[in-house]
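The values are calculated or read from the model by the stated rules, or taken from the named source; none is laboratory data. All values derive from a computational prediction rather than experimental measurement. Cβ placement follows ideal geometry from the backbone for every residue including glycine, while neighbour counts extend to all protein chains displayed. Please note that ligands, DNA and RNA were not included when accessible areas were found on the heavy atoms of the full protein model with its side chains. Shrake-Rupley method; radii C 1.70, N 1.55, O 1.52, S 1.80 Å.
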Amino acid sequence: MKNTLFFANYKALHVILILIFTLLPLIGNASEINVYSGRKAKLIKPLLDQFQKQTGITVNLVTAKSDALIKRLEAEGESSPADIFITVDAGRLERAKQMGLLKKIDTNDLKISSNYIDKDNKWVGLSKRVRTIVYSKKNVKKNELLRFEDLSLEKWNKRICVRSSNNIYNQSLVASLISNLGEKKTEEIIEKIVNNFARKPSGNDRAQITAVARNECDIAIVNHYYYILMLDSKEKEKREIANQVDITFLNQNDRGAHVNISGIGIAKNSKNTANANKLIKFLLSKESQEWYAETNNEYPVLTNASVFGVLKNWGKIKLDEKSINELGDLNPNAVKLMDRVGWK
Ligand code: FE
């Protein structure tokens, strides 16, 4: 009798265990989170390791090019293991959102400005980057350049270098102008700027800085951190290039310099939403923000987080924060406008 009872209990336990192990993958592993990152591992992994240590939640990191990750999220659909998507540029975050790849974030106790939070709560910023200009120390004086609009002046004919219009940074820059000035005015300005290009757009932002140092042009439109990376480079040649140019921030007396973000969203089919929200809160803590901004040579989105090094020396810069939430919506207008005026 005792033996039969033991055997029956044992069988019941067995059934329960089997049930747990078959259902577990369906409800998601409560102590795990899968991160798809368009940023390189060294720029994010130490923070994820810290999160894992603090919370006991295992973080699995997949890194690849941002647009490849968007395609992957789309292809994986409901069976995607992704919980988190990290990338750069509000235009790209918005694209992922409009493709239905992101779900709502719990933004209730995030202590960042609403300018850095998507109006539908589908993405939040992690850091800020300024798209501005570097100029030849030899051929240009800083006070010649006050507003982005000035690049359309006749005097800059054949003197401006910039990468191609299929780059999202340039698309968001034009979108920000549309947001501030309207489409008609933006088109007039951009058409003149394109006519001032020194050469057919090619290469990345660093290549434009190099072109200024080599006298191929006098002004390059670039993201601020590429200049810092060259200034701090281990390679002497790159440091020498950076030393021939200087950086300046435009529109300081009106709307502020064009600013974009690196940011984060929760994958639409995430099975670990609570952990994903926990990670976002962690990345927006003061300590995380300071590490992440310093490591990426960017500005923190959290107002009370400090800046270091070159950024600290540059002092306070007025930024055009209001247009961030429109960069994605205006992206198609920007792309068509650039096409119309012949920005290759
Ligand atoms: Fe970049």
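Checking the Cα-Cα distances for Lys71/Lys184; Lys236/Lys318; Lys234/Lys322; Lys45/Lys103; Lys42/Lys238; Lys53/Lys316 against a 27 Å cut-off, the pairs over it are Lys71/Lys184; Lys236/Lys318; Lys234/Lys322; Lys53/Lys316. Each principal axis of the Cα atoms in the range 43-149 has its own extent, and those three values, largest first, are 56, 33, 30 angstrom. Counting only protein heavy atoms and a 1.4 Å probe, the chain has 49 square angstrom of accessible area per residue. Quick one: pull the percent of accessible area on the chain belonging to carbon and sulfur, 1.4 Å probe, ligands and nucleic acids left out. Carbon with sulfur: 53 percent of the solvent-accessible area.
Considering only Cα atoms, the convex hull volume of the range 212-344 works out to 182 Å³ per residue. DSSP beta bridges fully contained in the chain are about 65 percent antiparallel.
In terms of packing, defined here as the mean over residues of other Cβ atoms within 10 angstrom, the peptides 262-273, 228-239 line up highest first as 262-273, 228-239.
From the alpha carbon gyration tensor of the range 213-276, can you work out the equivalent ellipsoid semi-axes (sqrt of 5 times each eigenvalue) and give them in Å, largest to smallest? Could you put the intermediate results ahead of the total?
Working: eigenvalues 251, 76, 18 Å².
After diagonalising the Cα gyration tensor, the semi-axes are 35, 19, 9 Å.
Summary of packing: across the peptides 276-285, 198-207, 218-227, the per-residue average of other C-beta atoms within 10 Å ranks them, highest first, as 218-227, 276-285, 198-207.
Given a cut-off of under 8 Å on Cα pairs at least six residues apart, what relative contact order in percent is computed for the chain?
On the way: 615 pairs, mean separation 94.7, N = 344.
So the answer I get is 28 percent.
May I ask for the distance between the Cα centers of the range 70-119 and the range 200-254, given as a whole number of Å? Measuring centre to centre over Cα atoms gives 31 Å. Once backbone amide H atoms are built at 1.01 Å from N, Asp89 has Ile261, Ser262, Gly263 as its partners under 5 Å, excluding neighbours fewer than 5 places away on the same chain.
Computed over the alpha carbons of the chain, Rg followed by Dmax gives 23.9, 101 Å. On the principal axes of its alpha-carbon atoms, the range 98-190 has extents of 50, 28, 22 Å, going from largest to smallest. The three principal axes of the C-alpha atoms in the range 137-254 carry coordinate ranges of 45, 29, 28 Å, sorted with the longest axis first. Candidate cross-link partners of Lys119 among the aspartates and glutamates, defined by an alpha-carbon separation under 14 Å and a same-chain spacing of 8 or more, comprise Glu94, Asp106, Glu321, Glu326, Asp329.
Only helices reaching 20 angstrom along their own axis (Cα) with mean Kyte-Doolittle hydropathy no lower than 1.0 count here, and for the DSSP H runs of the chain these are 2-27. Residue separation of Ser233 and Lys141 scaled by 0.36 nm, minus their Cα-Cα distance, works out to 30.6 nm of gained length.
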